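Take a look at the structure below.
The values are calculated or read from the model by the stated rules, or taken from the named source; none is laboratory data. Given the structure is predicted, the values throughout are model-derived calculations rather than measurements. All Cβ positions, glycine included, derive from the backbone under ideal geometry; neighbour counts span all protein chains shown. SASA here: full protein model, heavy atoms, side chains in, ligands and nucleic acids out. Shrake-Rupley method; radii C 1.70, N 1.55, O 1.52, S 1.80 Å.
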Amino acid sequence: MTNDTAMKLDSLWRGAHIATMKNGLYSVIENAAIGVVGGRIVWIGEAQDLPVYETQTEHDLGGGWITPGLIDCHTHLVFGGNRAGEFEQRLNGVSYQDIAKQGGGIASSVKATRDASEAELVASASRRLKSLMADGVTTVEIKSGYGLSLDSELKMLRVATELENQCPVTIKRTCLAAHAMPPEFDDKDAYIDYLCESVLPKIATLGMADAVDAFCEGIAFSTDQVERYFKTAQSLGLPVKIHAEQLTSQGGTRMAASFKALSADHIEFIEEADVKAMADSGTVAVLLPGAFFTLKETQRPPIDLLRQYGVPMAIATDANPGTSPALSLRLMMNMACTLFALTPEESLAGATIHAAKALGMSDTHGSLEVGKVADFVCWDVESPGELSYWLGGNLVKHRVYQGYLSQGNENQGGKA
């Protein structure tokens with residue numbers, strides 16, 4: 001809070017309770033007010049304590065609860081086509097292996113993404129992005145990884161940049177070139193060499209990515225291969241994150257922690273040594289219940305161990321065409337509670353402050369505090385726990401992005 005009564009507010013927001021999510025807790029302020037200048041929070045507290053400020057615009061929210069804007073910290077929103085037909089095939093008894101032999105699986109997404117124009121990718125991804133935004137999301141991470149060549153990976157990252165230009169949302173771009181093997185390579189080590197020698201340096205030089213990711217798994221890349229890829233990323237000044245221990249225990253999480261990875265994602269098969277390594281490195285555990293649900297997995301992430309060691313747990317949609325066609329972060333919050341036994345408070349922290357940490361932006365996003373970006377949502381609920389309770393439905397009363405009122409379909413105001 002500030003006592004500078006000479007300050008002029010750009011906007012003042014009052015008439016609701018607030019779950020600030022400071023320190024990962026609800027940290028409730030009842031009958032609250034938020035003062036905003038230049039897209040940042042300059043005053044927050046009980047409305048009765050608000051100093052007399054000159055205010056350009058005042059908003060009475062008319063009840064409900066305010067939380068930080070939701071942060072979807074793991075998505076694959078940009079891709080060509082979709083794999084709904086494969087979903088139907090699997091339900092009719094066709095195996096994943098047979099679908100892959102027919103050219104399906106990730107290979108089909110790579111082909112469709114390579115074939116699509118940037119304009120087509122922007123149009124399709126924009127529809128998916130707006131669904132997330134309408135559900136209260138104000139920050140989204142978007143990965144490449146369906147290009148698997150320099151030109152196609154750059155195309156995907158340019159699309160992510162254009163989405164941020166067009167929509168009132170913050171986009172963090174992640175290079176996931178080490179996602180799968182492209183059709184023109186038949187040697188994994190040779191492909192990793194190509195990524196280290198050609199792809200990552202160009203992406204870093206152009207400033208096209210905020211982080212680098214890899215899929216470390218028996219069906220993807222080995223721990224040693226990903227380690228080489230991460231060393232290159234580190235030498236280029238790019239932070240890393242990892243898809244790890246989704247299907248088997250490979251040691252990827254511990255290796256990534258040695259690079260002080262922003263996050264380790266999926267992690268159903270991590271062991272206590274992995275959890276300890278994450279705690280020591282400050283690496284966030286990103287839980288992806290949508291993929292767990294879609295793939296009908298049975299091995300849950302070790303939630304009690306993560307709690308015991310104090311590892312922050314984020315939640316994301318993993319929105320992708322194959323294993324998690326999820327376009328509601330609130331639904332993922334519910335699944336994190338029902339499938340992984342998180343509490344609603346942990347779930348909301350996972351979609352706000354811990355998700356911000358997973359993207360390296362917790363100093364500016366993820367909780368409602370003085371100095372942070374004024375991204376928040378006023379929800380039509382009687383308690384913040386309802387955000388994990390309802391399965392669907394439109395609960396957003398007002399979505400505020402960088403201090404401007406927006407429902408997610410129009411860009412109002414510039415970037416902070």
Checking rank on 68-77, 312-321, 167-176, with mean other Cβ inside 10 Å and highest first, the result is 68-77, 312-321, 167-176
Per residue accessible area in Å² of the range 268-384, where ligands, DNA and RNA are left out and the probe is 1.4 Å
33 Å²
How large, in percent, is the carbon and sulfur part of the accessible surface of the range 23-103 at a probe radius of 1.4 Å?
46 percent
What would the Debye formula give as log10 I(q)/I(0) at q = 0.10, 0.14 Å⁻¹ for the alpha-carbon point model of the chain, no solvent?
-0.65, -1.24
Full extension from Asn23 to Glu382: what is 0.36 nm times the residue separation minus their Cα-Cα distance, to one decimal in nm?
127.0 nm
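Quote to one decimal, in nm, the extra length available between Lys276 and Ala190 on full extension: 0.36 nm per residue of separation minus the C-alpha distance between them.
Values: separation 86, 0.36 × 86 = 30.96 nm, distance 3.30 nm.
Net length gain for the segment: 27.7 nm.
Of the heavy-atom accessible surface of the range 189-296 (probe 1.4 angstrom), what whole percent is carbon and sulfur? Kindly include the intermediate steps, with their values, before the conclusion.
Numbers: 2000 of 3850 Å².
Roughly 52 percent, rounded to a whole number.
Return one whole number: the accessible area per residue of the range 1-62 in Å², for a 1.4 Å probe.
Details: 3180 Å² over 62 residues.
Ligands and nucleic acids excluded, the figure is 51 Å² per residue.
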So if each residue of separation counts as 0.36 nm, and I subtract the Cα-Cα distance between Thr161 and Leu206, what length gain in nm does that give?
15.0 nm
Starting from the Cα of Asn92, step 7 Å along the direction of its Cβ; do the same at Leu391; then give the gap between the two resulting points in nm.
2.7 nm
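Loop only per DSSP, at most 15 neighbouring Cβ atoms within 10 Å: give me the trypsin sites (Lys or Arg not before Pro) in the range 271-370, ordered by residue number.
On the way: sites: Lys276, Lys296, Arg307, Arg330, Lys357; in loops: Lys296.
Those satisfying the criteria are Lys296.
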Would you work out which of Leu70, Val122, Gln89 lies farthest towards the positive end of the dipole of the range 66-122, given +1 charges on the beta-carbon of Lys and Arg and -1 on that of Asp and Glu, about the Cα centre?
Gln89
Round to the nearest 10 and give me the degree value, 0 to 90, for the angle of helix 118-134's Cα axis relative to the longest principal axis of the chain.
50 degrees
Mind listing the phi-derived Karplus ³J(HN,Hα) values for the range 183-190, rounded to whole Hz, using 6.51, -1.76 and 1.60 with θ = phi - 60°, and x for any glycine or proline?
x, 7, 10, 10, 10, 5, 5, 5
Any residue on another chain or 5+ positions along whose placed amide H is under 5 Å from the amide H of Gly69 is listed here as Asp375, Phe376, Val377
